[in-house]
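Peer 1: This is the structure I have questions about; it appears just below.
The values are calculated or read from the model by the stated rules, or taken from the named source; none is laboratory data. Predicted model only: the values in this text are computed from it and were never measured. When we count neighbours, we look across all protein chains shown, and the Cβ atoms used for this are built from the backbone with ideal geometry, even at glycine. Areas reflect the complete protein model, heavy atoms only, side chains present, ligands, DNA and RNA absent. Shrake-Rupley method; radii C 1.70, N 1.55, O 1.52, S 1.80 Å.
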Amino acid sequence: MIRHRPHGSGHPYADTEDQRVPARPLDGESVELRVRASAEVVSVVCDWSVNGAAPAELPLTRRDGRREAGAAEGADAATGAAEEAGAVGAVDGGHLAAAQARAARAAAGSWAVRTPALRAGSRYAYRFRSKTAGGATRTSRWFEVTAASWSDAGGKLEIAGDDRVVPGSVRWLADGDGPLRVRFELALEPREHVVGFGERFDAVDQRGRSLDAVVFEQYKAQGRHGRTYLPMPYAMVVGGAASWGWHVRTSRRTWYDVGASRPGRIVVEAETGRDGELGVRFYDGERPADVLDAFLDEVGRPAELPDWVFRLWASGNEWNTQERVLAELDRHREHGIPVGALVIEAWSDETTFTAFRGAEYEPSQDPHRLADYTFPADGPWPDPKGMVDELHRRGVKVLLWQIPLQKMRPHPRHQAAVDARQLVERGYGVREADGRPYRNRGWWFPLALMPDLSSREVRDWWTAKRRYLVEEVGVDGFKTDGGEHAWGHDLRYADGRDGAAGNGLFPVHYARAFGDLLRDCGKAPVTFSRAGFAGSQPHGAFWAGDEDSTWEAFRSSIRAGITASACGIVYWGWDLAGFSGPVPDAELYLRAAGASAFMPIMQYHSEFNHHRTPIRDRTPWNVAAQTGDERVIPVFRRLAELRERLVPYLAEQARAATAGGAPLMRGLFFDHPHDPQVWRHPLQYQLGDALLVAPVTEPGISETSVYLPDREGGWVDVWTGRELPGGRTVSLPAPLDRPPVLCAAEHWSRLSSLFAV
């Protein structure tokens, strides 16, 4: 066996051991040609031909002992966790970390050769011949490559709005088959700051940084890596005479140098189709809210969700039985901690993701109804509908976890086999360029099939299998996890897009599919996603994805919330205090809970940990037990009670945001775009029009500095009623049960009662 994939796995940040590096060379560059070969192969030769001439022989050498870069990089966090724990042959950190570590161990060596330099205007062809010790030979097909070069012509840049492209800055990258990318520049004034690009964990203001926009599943440490589940090719510029912004009208990958190379220039680079066409829309407004409003006019506005989403959400990945779920909710009642929503992740059979684990039923070509299932009394879920009914009686809404994949390992059986066969035979899956069904190339659920949710027919087929969960069991929403599994520029979608243009839109279609299902069943479209793109704004709520329980992750998550909201995401939250690794200490947990009480979504969640003890649930009672800190439960209770009182205010402010107002959770620059001091306090934010929140994001703090922007009437400390003028930095006490929060004086009379209890 010999394998060569010119573009590798499609991993956007790493090369693989069977690809061409670089996959698209520039004029004057050589390339390294890599192949994977079976163990019995003893020699590999490349036949290298230039412009149809007789090929030269380039012998390859072994690259044994090198891990596949994509898998290795993805597994760094998992490997580090194992090393810190002193583990040998095991990985700490739960099933996601373990999956990445398995991917790294599975990578084998390869063979490689470096070619002579390629020149624009020439065409190169190559193939590989292998030989085993027994003399057997194998020859690959021919592959072609040409070198690309930049020039002043080659495509069409369509500008809408007030043209801000620097004259003479537009350049096109093309190879022997046509355009590949376009690059242009925008002027950046000294006082201007740049915010947006979707959900960003590394910084609120991206000035001085370089970044890209591509949907990617970065398991933890997103800020350190500069990657995101939820990118958007959109940003706003704040701080000059007026606010402005731009949207690169593409679902393909884009790159941005935001004054990193030259302080007064933003360099935008974007992939194009072979037609070389790209659209850019510029927006102008007096305020950042005007710019965002114009962007949402183009990509879609958030839909208002019901008030219950603002209550506390509870979740734990190891809550895998009806008994365990009800026991945890009983603990909420016992401790007097109000809860409004429950996310059940580990409910399904883990093969179809449509049937409760332990349910007995016959496979069917048609969607099942509740009556088709028998739930054994001694099974993990003896009465799912009864459980949901009971939770509803307690005032708790229920969401079930989903993944947009048809699992294929181990080989599907029973209903999973029927579903997989339907997906393949009906052509309902995302396809490879040669028409074969795409098999997931990522590390989570490897080789799974992926439904092509760009097709309404496929969306309806996929969600029909889950309709009984809403119509009969009575669930209220879905945690639409994943969505980042489409790798490869040459995939094919039913809507006519290739992978380069379609992969980023997959999570948009995914959330839309489940939102449509809920609407069709008479429910609000409450989905809870981590992945998305421009166009995700109308589709439910979002959370910041997988993160460790560290202060660094806490800070990164606040940035993510501020930047996601700057792009029109209204309903946003995170796994407070992180979901992975050892249980956080009491201080981090309560600081995170205090901040989350003043965020759009307040949720705790914990990663699967193989049911080892001590358990790693992020419930307040487990954190109290693990840390021995008696403050945890009473402080968390007070914060959850306060959250209950805030629900009407949050619903009112969300309603205004969805109607075209400023975001619910927003950086100070939204309301004070001309105040240069707000950029010195990037983790402070407003929650609606009235509240200013200053999270404590460092340990050992009893008093903190808070910047109060200037505004008529000033501010009021919500805990003391003390009036404070704006336009200055003040020092405020910061006890664990009273996170620093200020209220705009003009709103204090109507909100003061919320904090008086």
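Peer 1: Gap in Å between the Cα centre of region 386-460 and the Cα centre of region 518-541?
Peer 2: What the calculation gives is 17 Å, centre to centre.
Peer 1: Another question, then. Which lysines have a Cα less than 29 Å from the Cα of residue 523, not counting those fewer than 8 places away in the same chain?
Peer 2: Qualifying lysines at Cα under 29 Å: 385, 397, 407, 465, 479.
Peer 1: Could you report the accessible area of residue 693 in Å², rounded to 10, computed with a 1.4 Å probe on the protein chains as they sit in the structure?
Peer 2: Near enough 0 Å² of accessible area.
Peer 1: Binning at 5 Å from 0, report for region 183-236 what percent of all alpha-carbon pair distances ends up in each bin.
Peer 2: So the P(r) values, bin by bin, are 4, 18, 31, 23, 15, 6, 3, 0.
Peer 1: Given region 137-206, report the % of alpha carbon pairs whose separation exceeds 16 Å. Can you show the working numbers first?
Peer 2: Numbers: 1653 of 2415 pairs.
So the portion of pairs separated by more than 16 Å is 68 percent.
Peer 1: Answer rounded, prolate or oblate for region 296-404, using the Cα gyration tensor with square roots of eigenvalues a ≥ b ≥ c: rounded when a/c is under 1.5, else prolate when a/b is larger than b/c, else oblate. Mind showing how you got there, number by number?
Peer 2: On the way: a/c = 2.21, a/b = 1.17, b/c = 1.89.
It comes out oblate by the Cα gyration axes.
Peer 1: While we're on this one: Whole Å is fine, so just give me how far the alpha carbon centre of region 690-757 lies from that of region 297-376.
Peer 2: 37
Peer 1: Using alpha carbons only, what's the Rg to Rh ratio of region 467-577 with Rh from Kirkwood?
Peer 2: Ratio of gyration radius to Kirkwood radius for region 467-577: 1.02.
Peer 1: Can you compute the radius of gyration and Dmax for region 202-295, using only the Cα atoms, both in Å?
Peer 2: 14.0, 40
Peer 1: For region 429-468, rounded, prolate or oblate, judged on the Cα gyration tensor with a ≥ b ≥ c (square roots of eigenvalues), a/c < 1.5 rounded, else prolate if a/b > b/c?
Peer 2: Numbers: a/c = 3.38, a/b = 1.49, b/c = 2.26.
Note, shape of region 429-468 comes out oblate.
Peer 1: Using modelled backbone amide H atoms (1.01 Å from N, in-plane), which distant-in-sequence or interchain residues come within less than 5 Å of residue 235's amide H?
Peer 2: When sequence neighbours closer than 5 places are left aside, the close amide H contacts are 197, 246.
Peer 1: Another one. Rank by packing, highest mean first: peptides 350-356, 135-141, with packing defined as the count of other Cβ atoms within 10 Å averaged across residues.
Peer 2: 350-356, 135-141
Peer 1: Next question. Looking at region 343-485, send over the antiparallel percent of its DSSP beta bridges, to the nearest 5.
Peer 2: Counting DSSP beta bridges with both partners in region 343-485, the antiparallel share is about 50 percent.
Peer 1: Among 578, 44, 417, whose Cα sits farthest toward the positive end of the charge dipole of the chain (+1 at Cβ of Lys/Arg, -1 at Cβ of Asp/Glu, about the Cα centre)?
Peer 2: Looking along the dipole axis, the top candidate is 44.
Peer 1: Now for a separate question. Within the chain, which whole H helices from DSSP have a Cα span along their axis of at least 20 Å and a mean Kyte-Doolittle hydropathy of -0.5 or more, if any? Let's see the in-between values first.
Peer 2: Details: long enough: 506-520 (21 Å, -0.10); 551-566 (23 Å, 0.13); 632-658 (35 Å, 0.09).
Membrane-span-like by this criterion, though nothing is claimed about a membrane: 506-520, 551-566, 632-658.
Peer 1: Applying a 10 Å radius around every beta-carbon, put 699-708, 531-540 in order of their mean neighbour count, most first.
Peer 2: 531-540, 699-708
Peer 1: Taking all pairs of distinct Cα atoms, average 1/r, flip it, and tell me the Kirkwood hydrodynamic radius of region 489-539 in Å to one decimal place.
Peer 2: Computed over region 489-539, the radius equals 11.7 Å.
Peer 1: Would you please put 723-730, 589-596 in order of how densely packed they are, using the mean number of other Cβ atoms within 10 angstrom per residue and starting with the highest? Provide the component values of the computation, followed by the final result.
Peer 2: Details: 723-730: 14.5, 589-596: 27.0.
In descending order of packing, they fall as 589-596, 723-730.
Peer 1: Have a look at 238, 219, 12 and report the one farthest towards the positive end of the charge dipole of the chain, computed about the Cα centre with Cβ charges (Lys/Arg +1, Asp/Glu -1).
Peer 2: The Cα lying farthest towards the positive end belongs to 12.
Peer 1: Based solely on C-alpha atoms, express the radius of gyration and the Dmax of region 108-230 in angstrom.
Peer 2: Both quantities, over Cα of region 108-230: 21.8, 70 Å.
Peer 1: Please sort by residue number the trypsin sites (Lys or Arg not before Pro) in region 375-462 whose DSSP state is loop and whose Cβ has at most 12 other Cβ atoms within 10 Å.
Peer 2: 413, 426
Peer 1: If ligands, DNA and RNA are left out, what is the accessible area of residue 574 with a 1.4 Å probe, given in Å² to the nearest 10?
Peer 2: Counting only protein heavy atoms, the figure is 10 Å².
Peer 1: Region 509-662: percent of C-alpha pairs farther apart than 19 Å?
Peer 2: Tail fraction, whole percent: 58.
Peer 1: So how strong a dipole does the chain carry about its Cα centre when Lys and Arg Cβ are +1 and Asp and Glu Cβ are -1, to the nearest 20 debye?
Peer 2: With only Lys, Arg, Asp and Glu charged at Cβ, the dipole is about 1680 debye.
Peer 1: Which one of 438, 335, 23 is farthest out on the positive end of the charge dipole of the chain, using unit charges on Cβ (Lys, Arg +1; Asp, Glu -1) and the Cα centre as origin?
Peer 2: 23
Peer 1: Then there is this: Can you give the Rg/Rh ratio of the chain, where Rg is from the C-alpha atoms and Rh is the Kirkwood radius?
Peer 2: On the way: Rg = 26.9 Å, Rh = 27.5 Å.
Rg/Rh: 0.98.
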